[in-house]
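Every read-out reported here was derived from the displayed coordinates using simple, explicitly stated rules and does not represent laboratory data. Bear in mind that the values here come from a model prediction, so they are computed numbers and not experimental data. Backbone-built Cβ (ideal geometry, glycine too); neighbour counts: all protein chains shown.
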Amino acid sequence: MKKTGCFVGKFLPPHIGHLSVIDKVLQECDKAIIVLSEDPQKLREKCEKTSFPYFTPQQRLKWLEKHYENNKNIKFVYLDESGLKSFPEGLEEWSKRFRDVVKEKIDAKYADETYRNLNEKYFPECEFVAIDRDIIAVHGTDIRTNPDYLKYVIPEGYKEIKEELERMNQNILN
């Protein structure tokens with residue numbers, strides 16, 4: 001069993017695909033550190049383009065913390081990507097910020113296979129654990145662009161997201 005595992009995401013919105021990875025980390029590690037990482041301005045713009053409400057990182061973390069409130073082996077942290085160069089050029093600086101906010105030794109990083117080389121370059125001390133993003137074939141982009149995918153949002157955030165979408169649609173109609 002690995003000691004401390006980590007999973008990074010935007011979690012906009014948090015959905016059952018995220019939960020499947022977090023649960024995998026919890027199953028395979030003594031401790032899970034979940035990092036919500038984003039450039040708020042860029043993500044707000046992305047949300048505006050798809051007419052999906054932007055929820056603050058604090059709100060998204062609150063939903064995840066509520067979901068896992070009975071699990072003491074999980075820690076949630078926020079990494080602000082503001083001012084970083086775009087991916088992958090900004091990864092060296094991103095990895096420094098990551099270490100600053102996590103403040104713990106990570107033994108395993110869980111990510112999509114496409115991140116393997118970058119993880120091995122910037123986190124050579126960590127085992128890379130590939131995840132299959134399509135085991136549960138839902139992604140944040142799907143939810144932000146297609147209302148039929150809202151059913152995959154975690155229960156702790158579903159009501160607020162649905163209400164905000166309805167409010168936004170009312171404003172458009174009025």
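Below, the figures for the structure above:
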| quantity | calculated |
| --- | --- |
| Ranked packing of 36-44, 95-103, most packed first, by mean Cβ within 10 Å | 36-44, 95-103 |
| Selection of GluC sites (Glu not before Pro), segment 88-124, meeting DSSP coil and at most 12 other Cβ within 10 Å | E89 |
| Positive-pole candidate from P88, Y158, I135, dipole of the chain, charges at beta carbon | Y158 |
| Evaluated over segment 40-126, the Cα radius of gyration and Dmax, each in Å | 15.0, 40 |
| Ellipsoid equivalent to the chain - semi-axes via the Cα gyration tensor, in Å | 28, 19, 14 |
| Assigned charges on the beta-carbon of Lys, Arg, Asp, Glu; the chain dipole about Cα centre (debye) | 300 |
| Relative contact order [Cα under 8 Å, 6+ residues apart], segment 2-173, whole percent | 30 |
| Under Karplus coefficients 6.51, -1.76 and 1.60, residue-wise ³J(HN,Hα) of segment 131-136 in Hz, glycine/proline x | 10, 9, 5, 9, 4, 10 |
